[in-house]
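A.B. asks: Attaching a single structure in structure tokens format; questions to follow.
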Ligand SMILES: Nc1ncnc2c1ncn2[C@@H]1O[C@H](COP(=O)(O)OP(=O)(O)OP(=O)(O)O)[C@@H](O)[C@H]1O
Ligand SMILES: [Mg+2]
């Protein structure tokens with residue numbers, strides 16, 4: 001009796017969670033203009049997507065900013081994790097906490113503070129450029145810079161780094177501390193030891209970190225919205241601005257694509273982690 | 001004769017104000033087999049790490065060939081290490097683990113002051129293969145070259161670690177309990193093998209162990225350590241026969257250690273009786289520790305003995321019997337090939353060369369009394385039984 005009611009309850013939860021997305025996906029294949037009445041299957045909205053310059057542009061921006069910020073934050077985050085790892089425990093633990101806070105922090109707070117930081121920097125830059133242009137005439141510095149792809153990239157890199165650190169750190173902890181010593185003992189410099197021994201050891205963590213960072217970037221709306229300015233627009237931002245005009249089924253189609261992308265990434269991450277956990281277990285049992 | 005290679009001068013090491021090495025002074029000769037021997041946590045690994053360059057001593061100097069090397073990083077030292085827990089590279093197979101050091105291009109030998117400018121030399125692949133296979137043969141791991149590290153037993157991993165260090169033909173090899181995971185048989189074989197390699201290749205070995213038998217069998221020189229201090233340095237025979245204090249006497253082999261008083265040169269008193277001995281140079285009436293090795297004691301009929309005692313326990317140990325004898329409340333361990341049953345009253349005779357005199361030290365009174373000889377084992381049994389019961393109870397709780 002108890003089991004049945006439990007199952008019904010679970011079913012309801014999942015229904016509430018996924019019903020909107022399922023409806024969205026179904027109607028993205030609707031032949032008609034309506035979001036409520038099914039008029040038959042068609043791919044017309046997807047065709048429209050690929051013909052829309054705005055959407056294709058924002059797909060391009062999204063992919064570019066996600067890829068670049070993933071690469072940068074993966075490298076930076078890995079080195080940061082190694083730095084933390086080499087600290088003494090008493091220093092490391094509080095630092096890790098500080099580094100984790102941005103992940104818990106409300107996106108909107110991160111977004112606004114980043115935006116304010118950029119604007120403050122632009123103001124400072126303007127004064128500096130004006131002064132610099134006055135005192136000499138060889139170089140000309142443009143005094144006016146604006147929010148755009150650059151700031152978008154910086155923002156994404158910023159919020160991605162903690163995720164990379166968090167997924168690399170456990171791999172470092174599992175690693176035998178003596179491995180670096182052993183590599184150096186056999187003639188490696190510290191950096192050679194890092195590349196030849198540490199990286200292969202923590203590679204699963206680095207790859208997971210990169211995948212999470214990429215997912216976070218593709219997924220992000222709030223922070224992008226506050227830091228992209230008027231010249232760049234990510235896919236999520238474009239969807240949002242489309243809803244302000246008229247909710248057409250092409251929004252369903254874009255959203256479906258975005259959802260599927262993130263879903264695939266998340267499933268990949270989970271499968272990888274599952275597999276590594278099992279491999280770890282086998283290693284311990286052996 | 002042999003030339004000094006490494007010297008530690010007043011080396012101390014502290015971790016967070018905890019003094020782990022206390023003013024270590026030590027020199028190691030070229031081609032010497034030197035063993036650091038001591039109980040767990042006494043600072044053996046830390047000493048090795050200082051010589052290997054993985055930690056810098058908080059005070060003191062490390063000299064190599066007379067040159068200060070405190071700040072030389074490990075990869076520039078002519079030293080290789082076999083780590084206590086192997087530290088093999090899990091992502092590489094056996095062959096690649098052993099070849100690791102050979103694949104790193106190194107500055108040509110003999111480059112000292114201008115060493116940095118010398119061009120790096122790569123060893124050709126064919127030579128790498130030859131040397132690795134040769135080394136794998138030495139450690140009896142031929143045919144394992146493609147095995148993954150995780151597919152090896154502890155003893156096999158240990159031998160890979162030895163091969164990985166030796167293949168680089170270092171001037172000095174540091175070995176941190178390299179035979180700890182081997183069974184007795186393989187351990188003995190590897191002891192002989194290592195000793196042979198050391199003599200054949202003329203490499204200086206700095207060997208860490210807490211197994212005193214291993215140290216006695218293999219070393220040219222033994223350094224006995226405890227609590228971050230060197231207790232005694234010497235040849236195995238000297239360490240065994242002339243221990244400097246109660247700690248060394250107890251740690252190396254078995255010893256009966258009693259309080260005594262040195263009346264004059266060559267005369268010591270204990271159990272209210274004067275004995276002849278071979279030691280001199282103590283202050284008159286100086287309190288001393290007297291060491292008597294269990295195998296040096298001769299058991300004679302009660303009437304003929306210098307001292308009389310009652311046998312309280314006998315344990316058969318293969319070649320000999322461990323016989324515990326009560327002398328007026330102080331229990332001695334005597335090792336003898338003759339059987340004396342519990343309850344028998346026996347006499348013993350001590351010859352002057354069976355008696356070793358040591359100065360009093362912080363260790364006096366801590367070791368060398370066998371009163372608790374059998375009880376210790378009983379207690380240990382009790383403890384394990386209790387633990388098992390506890391676990392059972394917990395398991396039951398989990399199942400509920
Ligand atoms: N990195 C470290 N930080 C703090 N304390 C340390 C560190 N390394 C070693 N110690 C301490 O230094 C002492 C000596 O350690 P060491 O590893 O040299 O002992 P050991 O003689 O090799 O013992 P074992 O036979 O158990 O290997 C120990 O008390 C240990 O706790
Ligand atoms: Mg150790």
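Nothing in this text is a laboratory measurement; each read-out follows from the coordinates by a stated rule. Just so we're clear, the structure is a prediction, and the values are computed from it rather than from any experiment. Don't worry about glycine lacking a Cβ; one is built from the backbone with ideal geometry, like all the others, and counts go over all protein chains shown.
A.B. asks: Round to a whole angstrom and tell me the spacing of the C-alpha centers of the range B:43-77 and the range B:267-298.
C.D. replies: With the range B:43-77 and the range B:267-298 each reduced to a Cα centre, they are spaced 42 Å.
A.B. asks: Further question on the same structure: Can you give the Rg to Rh ratio of chain A, both from alpha-carbon atoms, with Rh computed by the Kirkwood formula?
C.D. replies: Computed over Cα atoms, the ratio is 1.06.
A.B. asks: Please state, to two decimals, what the Cα-based radius of gyration of the range B:4-236 comes to when divided by 2.2 N^0.38 Å (N = residues).
C.D. replies: 1.01
A.B. asks: Going from the alpha-carbon gyration tensor of the range B:164-321, what semi-axes, largest first and in whole Å, does one get by taking the root of 5 times each eigenvalue?
C.D. replies: 38, 21, 12
A.B. asks: For the range A:80-157 and the range A:212-275, what is the centre-to-centre distance using only Cα atoms, to the nearest Å?
C.D. replies: 24 Å
A.B. asks: Rounded if a/c is under 1.5, else prolate if a/b beats b/c, else oblate: with a ≥ b ≥ c from the C-alpha gyration tensor eigenvalues square-rooted, which is chain B?
C.D. replies: Prolate.
A.B. asks: Within the range A:227-265, which residues have the backbone N less than 17 Å from the label spot 7 Å out from residue A:64 along Cα→beta-carbon, could you tell me?
C.D. replies: A:227-238
A.B. asks: Nearest 10 degrees is fine. How inclined is helix B:373-399 to the longest principal axis of chain B, computing both from alpha carbons?
C.D. replies: Roughly 60 degrees, rounded to the nearest 10.
A.B. asks: Taking a ≥ b ≥ c as the square roots of the eigenvalues of the Cα gyration tensor of the range A:10-51, is the shape rounded (a/c under 1.5), prolate (a/b larger than b/c) or oblate?
C.D. replies: prolate
A.B. asks: Pick out which of B:244, B:331, B:142 has the largest mean-square fluctuation in a Gaussian network model of chain B, springs linking Cα atoms closer than 10 Å.
C.D. replies: Comparing B:244, B:331, B:142 in a Gaussian network model of chain B, the most mobile one is B:142.
A.B. asks: With springs connecting C-alpha atoms under 10 Å apart, model chain B as a Gaussian network and identify which of B:249, B:59, B:215 has the largest mean-square fluctuation.
C.D. replies: B:59
A.B. asks: Summing -39500 (n - 2.57) over the DSSP H runs of n ≥ 4 in chain A and dividing by its residue number, what mean residue ellipticity at 222 nm do you reach, to the nearest 500 deg cm²/dmol?
C.D. replies: Calculated mean residue ellipticity at 222 nm is -27000 deg cm²/dmol.
A.B. asks: PRE reach from residue B:328 (point 7 Å along Cα→Cβ): which of the range B:341-358 fall under 15 Å by backbone N?
C.D. replies: B:348, by backbone N distance to the label point.
A.B. asks: In degrees between 0 and 90, to the nearest 10, how far off the longest principal axis of chain B does helix B:154-166 point, with axes built from Cα atoms?
C.D. replies: That works out to roughly 60 degrees.
A.B. asks: A further question follows. In nm, to one decimal, how far is the modelled label at residue B:235 from the one at residue A:9, with both set 7 Å along Cα→Cβ?
C.D. replies: Distance between label points: 8.2 nm.
A.B. asks: Taking chain A as a Gaussian network, where each spring joins two C-alpha atoms under 10 Å apart, which residue of A:15, A:153, A:258 fluctuates the most?
C.D. replies: Maximum among the listed residues: A:15.
A.B. asks: Limiting things to C-alpha atoms, what are the Rg and the maximum Cα-Cα separation (Dmax) for the range B:254-384, in angstroms?
C.D. replies: Radius of gyration, then largest Cα-Cα span, for the range B:254-384: 15.4, 50 Å.
A.B. asks: Now for a separate question. Can you put A:60, B:207 in order of Cβ neighbours within 10 angstrom, beginning with the fewest?
C.D. replies: A:60, B:207
A.B. asks: In deg cm²/dmol and to the nearest 500, what is the mean residue ellipticity at 222 nm of chain B if only DSSP H runs of at least 4 residues count, each as -39500 (n - 2.57), divided by the residue total?
C.D. replies: One gets -8500 deg cm²/dmol as the mean residue ellipticity at 222 nm.
A.B. asks: Mind giving me the nanometre distance, one decimal, between the label points for residue B:280 and residue B:306, set 7 Å out from Cα along Cα→Cβ?
C.D. replies: 1.9 nm
A.B. asks: Quote the FRET efficiency, to the nearest 0.05, computed for residue A:192 versus residue A:221 with a Förster distance R0 of 35 Å and r equal to the Cβ-Cβ distance.
C.D. replies: Efficiency for this residue pair is about 0.25.
A.B. asks: If you don't mind, another one. Cα atoms only, the range A:212-286: Rg and Dmax in Å?
C.D. replies: That works out to 17.9, 62 Å for Rg and Dmax.
A.B. asks: Given C-alpha coordinates of the protein assembly as shown, what is the ratio Rg to Rh with the Kirkwood estimate of Rh?
C.D. replies: 1.14
A.B. asks: Once both axes come from the Cα atoms, what is the angle between helix B:184-201 and the longest principal axis of chain B, in degrees from 0 to 90, rounded to 10?
C.D. replies: Taking Cα atoms only, the helix is inclined about 60 degrees.
A.B. asks: From the square roots a ≥ b ≥ c of the eigenvalues of the alpha-carbon gyration tensor of the range A:130-286, which class results: rounded (a/c under 1.5), prolate (a/b over b/c), or oblate?
C.D. replies: Verdict is oblate for the range A:130-286.
A.B. asks: What order do you get for B:164, B:187, B:68, A:88 when you list them from fewest to most C-beta neighbours inside 10 Å?
C.D. replies: By the 10 Å Cβ count, ascending, the order reads A:88, B:68, B:187, B:164.
A.B. asks: Turning to a different aspect of this structure: If you rank B:2, A:28 by fewest surrounding Cβ atoms within 10 Å, what's the result?
C.D. replies: With the fewest neighbours first, B:2, A:28 line up as B:2, A:28.
A.B. asks: Then there's this: By how many nm would the segment from residue A:149 to residue A:35 lengthen if fully extended, with 0.36 nm per residue of separation less the alpha-carbon distance?
C.D. replies: 37.7 nm
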